[in-house]
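Asks: Just dropping this structure here.
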Amino acid sequence: MNTNSTKTSASCSCNKKLIPIYGRFQWVNNEATNKILSKFLKPPNKGRRGYNKVQMFKWLIYKQVTSCSYRDLETMTSIDYSTFIKFRQKLIKQLWFPTIFKKLMDNITNNLEELTLILDSSFIQTYSKHDEQGSEYNGYKEKNGFKLHQMIDFKTRLPLLQVATPGARSDIMLGKNLIRGSPDSWQRKVKGILADMGYDGEGFVFQIKQKWKSAKVGISVKRTHKEVLGLHSEEITRNRKGKEGGRTLNRSFLNKRSEIERYFSRKKNVFRLGEERTRHLKNFRVNCYLTSIMEILEWMNGIIALFTKLGDRTLT
C-alpha cells in the first residue's frame, strides 16, 4: 500500500472521529471546544497541513484523563506515537500552554464584574517517587516533588493565576509573586482574597491592601507560642488585635477558602494531575497548564450549553 495514502487515510480518520472519552468529558467532542481550540491551533499557511491540530490536542486531553501512554494513542488513532510526542514538544517550545491559559483567563475575567480570590498550593510527588530535575524534598510531606501555587476565583471555581515550583518553596513568597504579577485590570474587580495560615504575615496583608484597596482579606492569624501555652496578657491581646487589623475574619467569609481544597482534589482525581508518566519540573509545569486549560474549556462549554437552553425556552 502507498505510504502517502496510508497517512492521508489516518489523517482523515483522526479529523472525523469523536474522541471515545468518558461521559463527564464529553465536552471534548462538543463543537464549542472545536471553535475555541481552532483559534489557537491553526494549520500552517504554507506547506503540508499534516494532522488536524485541534484533534491532536484533544487526544492529548484523552491521554491526560485516562493516564494512557503515547503508544496507546498510536493504537487508537493509527498515528505514530512519536508524532504526538513531537506535537507536544513543539507546543512547549512555542510556550503555547502558558500563552493560551493566559488568553482564556483574560477573556473570562474581563467579563466578570467582581472577583473573590482564593490562594493556596498543592504538593505533587514525583512520578518516579525519587529526586528528579527541579524537584525538592518536602520535609512536611516527607517526599520529593513539586508544588503548584494557584489562585482561583470563588464564583466560577476557575484557575486564574498559577506557578509551578520545586516542592519546598515558601507559600507566602510565591503568593506575593502571584499578587505582584496579577493584571492591572483586576484593580477594581477584586473584592476579597482568602488564604490559610501559611500566608499569615503583616507584610503580605499590607501588599494585598496596596494592590487591591477595596478587597477584604480573609487570612487567619497564627497563634503565638505564648498563646499555645494558654498565657494571657494585655500585650498578647494587643499584638493579636494589631495583626487582625485590616482583615475580615467572620466565619462565613473564611469558610469560602475551603473551596480551593475541593478544587485541588478535583484537579488530581478527575483531571489526573500528578498521575502522568512524565518527569522533571518542565513537564510538571506543562501538565499544570494542560489541566487548567481543560478546566476552563469544560466551564466554557457549560456556559454555552446553559445559554442554549435558555434560548430554547425563550423560543418556546
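The values are calculated or read from the model by the stated rules, or taken from the named source; none is laboratory data. Computed from a prediction, not measured in an experiment: that's the story for all the values here. Quick reminder, even Gly has a Cβ in these numbers, built from the backbone with ideal geometry, and neighbours come from all protein chains shown.
Asks: Contact list please: Cβ distance under 6 Å, first residue in segment 238-249 and of a type outside the set (Lys, Arg), second residue modelled with pLDDT of 80 or more and outside any helix (DSSP H, G or I), pairs at least six apart or on different chains.
Replies: GLU244/VAL221; THR248/LYS216; THR248/GLY218
Asks: Hey, another quick one. Would you mind stating whether VAL205 is free of Cβ contacts under 8 Å to residues at least 60 places away in the same chain and either of a type outside the set (D, E, K, R) or not assigned by TED's automatic domain parsing to the domain that holds GLN89 (or both)?
Replies: In short, yes.
Asks: Answer yes or no as to whether ASN177 is modelled with pLDDT of 95 or more, assigned to a helix (DSSP H, G or I) and among the polar types (S, T, N, Q).
Replies: yes
Asks: Now for a different question. Here is a list of conditions, (1) outside any strand (DSSP E or B); (2) within 28 Å of LYS103 (Cα to Cα); (3) of a type in the set (Gly, Ala, Ser); (4) modelled with pLDDT of 95 or more, and ALA168 meets all of them except one; can you say which number that is?
Replies: That leaves (2) as the condition not met.
Asks: Only residues that are acidic (Asp, Glu) and either more than 23 Å from ALA195 (Cα to Cα) or touching a Cys at 6+ places or on another chain (Cβ under 9 Å) (or both): list them for segment 118-138, please.
Replies: Listed by number, the residues that qualify are ASP131, GLU132, GLU136.
Asks: Which residue out of MET173, MET197 is within 21 Å of ARG247 (Cα to Cα) and free of Cβ contacts under 8 Å to residues at least 12 places away in the same chain?
Replies: MET173
Asks: Taking LYS102 as the residue in question, decide whether it is under 23 Å from ILE304 (Cβ atoms) and either surrounded by 12 or more Cβ atoms within 10 Å (Cβ to Cβ) or at pLDDT 95 or above (or both). Steps first, please.
Replies: Numbers: under 23 Å from ILE304 (Cβ atoms): yes; either surrounded by 12 or more Cβ atoms within 10 Å (Cβ to Cβ) or at pLDDT 95 or above (or both): yes.
Judged against the criteria, LYS102 is a match.
Asks: VAL163: assigned by TED's automatic domain parsing to the domain that holds GLU132, outside any loop (DSSP other than H, G, I, E, B) and under 20 Å from ILE108 (Cα atoms), yes or no?
Replies: yes
Asks: Right, here's the next one. Which condition number in (1) modelled with pLDDT of 95 or more; (2) surrounded by fewer than 20 Cβ atoms within 10 Å (Cβ to Cβ); (3) in a helix (DSSP H, G or I) is the one that LYS267 fails?
Replies: (2)
Asks: Filtering segment 293-315 down to residues that are of a type outside the set (A, V, I, L, M, F, W, C) and more than 21 Å from CYS68 (Cβ to Cβ), which residue is modelled with the highest pLDDT?
Replies: ASN301
Asks: Residues in segment 202-251 that are exposed (fewer than 12 other Cβ atoms within 10 Å of the Cβ) and closer than 21 Å to MET151 by Cβ: how many?
Replies: Number of matching residues: 3.
Asks: If you check ASP131 against the conditions, is it in the same structural domain as PHE253 (by TED's automatic domain parsing), under 21 Å from SER220 (Cβ atoms) and acidic (Asp, Glu)?
Replies: So ASP131 fails the test.
Asks: Turning to a different aspect of this structure: Against the condition buried (at least 18 other Cβ atoms within 10 Å of the Cβ), assigned to a helix (DSSP H, G or I) and among the charged types (D, E, K, R), how does ARG88 come out, does it pass? Steps first, answer last, please.
Replies: Values: buried (at least 18 other Cβ atoms within 10 Å of the Cβ): yes; assigned to a helix (DSSP H, G or I): yes; among the charged types (D, E, K, R): yes.
Yes; evaluated as a whole, the condition is true for this residue.
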